[in-house]
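The values are calculated or read from the model by the stated rules, or taken from the named source; none is laboratory data. The structure displayed is predicted, hence computed values, not measured ones. Glycine also receives a Cβ, built like all others from the backbone with ideal geometry; neighbour counts cover every protein chain displayed. For the accessible areas, the whole protein counts, side chains as well, though only heavy atoms, and no ligand, DNA or RNA atoms are used. Shrake-Rupley method; radii C 1.70, N 1.55, O 1.52, S 1.80 Å.
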Amino acid sequence: VRELQDELEDDKYTVGPYNDELAGMYKPVEEQWPYHAIVDTILAHNILRADECVDVTKIGICGVSWGSVIATLAIGYDTRYAFAIPIYGSAYLGHAVTICTSVFREARVKQLWSAQDRLSNTRFPILWLCALHDAAFCSYSNSRSYLDTKQNGGYLSIRQELSHSHQAAWECEESYRFADCVLAGKE
């Protein structure tokens, strides 16, 4: 559990729930981690867009692992991004055969957190980047996500030798090339 420090605590700021991997699915939505993560993601995007030093046409979103789940959900609600790069996670997580599958098959989770229900809202390039052999997420879910977004610039990269870690994700050169190409108008 994280604690607020000094003036943040004095100003009555609060910390959202921690990532319980959807164990709190039956709590009110406002008390669930994905809700706070998505709202914070949209808020961060709004803050960037309000900064006069930021070119709002060049803001993208990238998430790794659970961050990619949140990025995939966020792009269904906030469609102002120039591009998105979810790494490992995607939509259709209840259709996979991984360690995450059972929770995404729960009726309450499907009702609240099914990213595939909002992929049709996206109108910008998305690179679905995943590992061929990943215990948490699978290429099938990424492939389905790609098929739903390819009309609007969806791309799919399945890496055979990609391990599941933030470090491995940061070393995937295609994510940087993709962002550079999109921002240069070369999709």
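Quick look at the values:
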| quantity | calculated |
| --- | --- |
| Residue satisfying all of: in the range 88-123; in a loop (DSSP other than H, G, I, E, B) and β-branched (Val, Ile, Thr); least open to solvent (accessible area, probe 1.4 Å) among these | Thr122 |
| Selected residue [surrounded by fewer than 19 Cβ atoms within 10 Å (Cβ to Cβ) and closer than 24 Å to Leu127 by Cβ] from Ile38, Ile70, Ile59, Ile85 | Ile59 |
| Of all residues in the range 126-177 being touching a helix residue (DSSP H, G or I) at 6+ places or on another chain (Cβ under 7 Å), part of a helix (DSSP H, G or I) and open to solvent by less than 60 Å² (accessible area, probe 1.4 Å), the one that is farthest from Ala74 (Cα to Cα) | Ser141 |
